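Have a look at the structure below before the remarks.
What follows draws every value from the coordinates through simple rules; no lab data is involved. Every value quoted in this text rests on a predicted model; they were computed, and no experiment measured them. Virtual Cβ from ideal backbone geometry, glycine too; neighbours counted across all protein chains shown.
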Amino acid sequence: MSQRPMERARPYDTSEPDTLGSVLSKLFALRGYGRPQAGRVLQELWTSAAEPALLAQTKVLSLKNGVLQVGVSNSALLSELAAFRKMELLEILRKSPAGAKIRDLKFKLRGDLKTR
């Protein structure tokens with residue numbers, strides 16, 4: 001009298017384990033180790049797109065969901081950038097391989113930015 005083994009309630013996980021590189025990448029992202037380097041890359045990208053007069057009054061803040069956020073020192077410049085220069089700057093940023101992920105630009109008034 002042989003009995004059939006009971007079927008498992010949950011099937012076995014037959015997927016492959018994560019690679020070491022994948023696990024380390026996730027760990028670095030969770031710990032925030034990659035942020036300083038990413039910030040530096042974004043600042044270099046902005047430096048290549050904007051002229052020196054504009055660089056003196058702006059600062060890259062972050063990249064969230066494909067939106068590059070740039071701090072601006074005064075409201076007149078904020079209005080000019082948002083209304084007249086946004087598309088031009090966005091096109092320049094997208095031409096770079098590092099800027100391929102940028103889908104939009106957002107300018108924020110930051111009174112704490114010092115003009116150089």
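Under 12 Å from the 7 Å Cα→Cβ point of residue 108, by amide nitrogen: which residues of the range 59-87?
What the label zone holds, given the 12 Å backbone N cut-off, is 59-64, 68-72.
So if each residue of separation counts as 0.36 nm, and I subtract the Cα-Cα distance between residue 67 and residue 94, what length gain in nm does that give?
That works out to 8.5 nm of additional length.
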